[in-house]
1. Condition first: of a type outside the set (Lys, Arg) and in contact with a strand residue (DSSP E or B) (Cβ under 9 Å, 6 or more places away or on another chain). Now tell me which residues in region 40-62 satisfy that.
2. Can you tell me which of Pro121, Pro114 is touching a helix residue (DSSP H, G or I) at 6+ places or on another chain (Cβ under 6 Å) and either charged (D, E, K, R) or open to solvent by less than 50 Å² (accessible area, probe 1.4 Å) (or both)?
3. Among the residues of region 59-69, are any in contact (Cβ under 8 Å) with a residue 40 or more places away in the chain, among the hydrophobic types (A, V, I, L, M, F, W, C) and open to solvent by less than 60 Å² (accessible area, probe 1.4 Å)?
4. Of all residues in region 124-141, which are more than 30 Å from Lys62 (Cβ to Cβ) and open to solvent by 50 Å² or more (accessible area, probe 1.4 Å)?
5. Between a residue in region 37-51 that is open to solvent by less than 80 Å² (accessible area, probe 1.4 Å) and any residue that is aliphatic (A, V, I, L, M), which pairs come within a Cβ distance under 7 Å, given they are 6 or more apart or on different chains?
6. Which of the residues belonging to region 63-82 are assigned to a loop (DSSP other than H, G, I, E, B) and over 16 Å from Val50 (Cβ atoms)?
7. Got a number for residues in region 16-36 being in contact (Cβ under 8 Å) with a residue 40 or more places away in the chain and part of a strand (DSSP E or B)?
8. Where residues in region 175-226 are among the polar types (S, T, N, Q) and open to solvent by less than 60 Å² (accessible area, probe 1.4 Å), which of them is nearest to Arg259 (Cα to Cα)?
Amino acid sequence: MRAIWKGAVSFGLVSIAVKLYSATEEKDIRFHQVHRKDGGRIRYKRTCSVCGEEVTYDDIAKGYDIGGGEMVILTDEDFADLPLTTSHAIDVLEFVPAEQVDPILYNKAYFLEPEGAATKPYVLLRDALVDSERVAIVKVALRQREQLATLRVREGVLLLNTMLWPDEVRTPAFGFLDEDLKVRPPELAMASSLIDSMAGEFEPEVFTDDYRAALQEVIDAKVEGREVVQPEEVEAAPAAAVDLMAALKASVERARAARGEQPERGGEPTPITSARSAQKAAKAPARKAADKKTAAKRVGGAKAAEAKAAEGTKKAAPGKAAGKAEKKAPARKAAPKKATPRKSA
């Protein structure tokens, strides 16, 4: 790391020489603007809007727009005359409990390294901060700007966090803040249950920037001339639920499932089982209607088949009856004629 600032921490009558290092770095993948046709870099020229000439950095000054097209120009000499008494020092103003500092005020973080013979007073201040469980409120001038900051201990090193000034934090002015919204106790209890089911210890190293990793894979694939492996599809976010209670219950169940916990049995039905029951209940009328329709078709078909069979039976009945009658009543033989007695002569 390269030191970006040198100065001293003024701790009462004690002065601790330190070097300032950026404690964080952005890992965003940066791109150059290029010509799509041939890949040439796009360059921008610093030109004056009045005379049209290209301007070098030495000829550039700072201007403050006062409106109406008028500009007040400030030079380096103007900034040099400003009363920055803390320009080469980090002045400790007071020590306060860390929880009293709203995190929204934090801006950038810097490591402080002791320089030369300042190691012992540096360690003294570090251990005193740890023992008191407080942070130091300080003022420091960085990049021609006086800033409010805190000094605290992280992994055995003094960490300076620059802060926003209170008037740099916007006041939230949203309409819903004036509405009289009441939360029901069961909803609050379920929300608390959801928080408990998702509670854990914060371990920042387990979280990753999936977008940056996927983008780097695309770049590596382009460089190596291979096809890009499509990442696994992320589960789609559920649609907004109308029933807040059902959404909370479903969230609790999902959190428990993610932890490998079995859903609670007995008592109130779980959201997923309730949803399944609701789906079954919604499908039940359609199924009943379909079953009735099918049964009606079956009954109608059966009745039609019976009617058809009965009709066939009726048609076949006369023929069969005649046949049976013929079989039962055989043809009668002609009766023998009686001989007529002859008269005697």
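The values are calculated or read from the model by the stated rules, or taken from the named source; none is laboratory data. Just so you know, these numbers come straight off a predicted model, no measurement behind them. All Cβ positions, glycine included, derive from the backbone under ideal geometry; neighbour counts span all protein chains shown. Ligands, DNA and RNA are stripped out before the accessible areas are found, and what is left, the full protein with its side chains, is counted by its heavy atoms. Shrake-Rupley method; radii C 1.70, N 1.55, O 1.52, S 1.80 Å.
1. Pass one, region 40-62, residues of a type outside the set (Lys, Arg): 40, 42, 44, 47-61.
Gly40, Ile42, Thr47, Cys48, Glu53, Glu54, Val55, Ala61 - these are the residues of region 40-62 that are of a type outside the set (Lys, Arg) and in contact with a strand residue (DSSP E or B) (Cβ under 9 Å, 6 or more places away or on another chain).
2. Working: Pro121 fails: touching a helix residue (DSSP H, G or I) at 6+ places or on another chain (Cβ under 6 Å).
Of Pro121, Pro114, the one residue that is touching a helix residue (DSSP H, G or I) at 6+ places or on another chain (Cβ under 6 Å) and either charged (D, E, K, R) or open to solvent by less than 50 Å² (accessible area, probe 1.4 Å) (or both) is Pro114.
3. Looking only at region 59-69, we keep the residues that are in contact (Cβ under 8 Å) with a residue 40 or more places away in the chain, and these are none.
Within region 59-69 (the criterion being in contact (Cβ under 8 Å) with a residue 40 or more places away in the chain, among the hydrophobic types (A, V, I, L, M, F, W, C) and open to solvent by less than 60 Å² (accessible area, probe 1.4 Å)), the answer is no, since none of the residues qualifies.
4. Leu124, Arg126, Asp127, Val130, Asp131, Ser132, Glu133, Arg134
5. Gly40/Val34; Ile42/Val34; Cys48/Val55
6. Applying the first criterion (assigned to a loop (DSSP other than H, G, I, E, B)) to region 63-82 yields 68-69, 75, 81-82.
Listed by number, the residues that qualify are Gly68, Thr75, Asp81, Leu82.
7. Here is the first cut: in region 16-36, the ones in contact (Cβ under 8 Å) with a residue 40 or more places away in the chain are 16-24, 27-29.
Those still in the list that are part of a strand (DSSP E or B) too: 16-22.
Total meeting the criteria: 7.
8. Top of the filtered list is Ser197.
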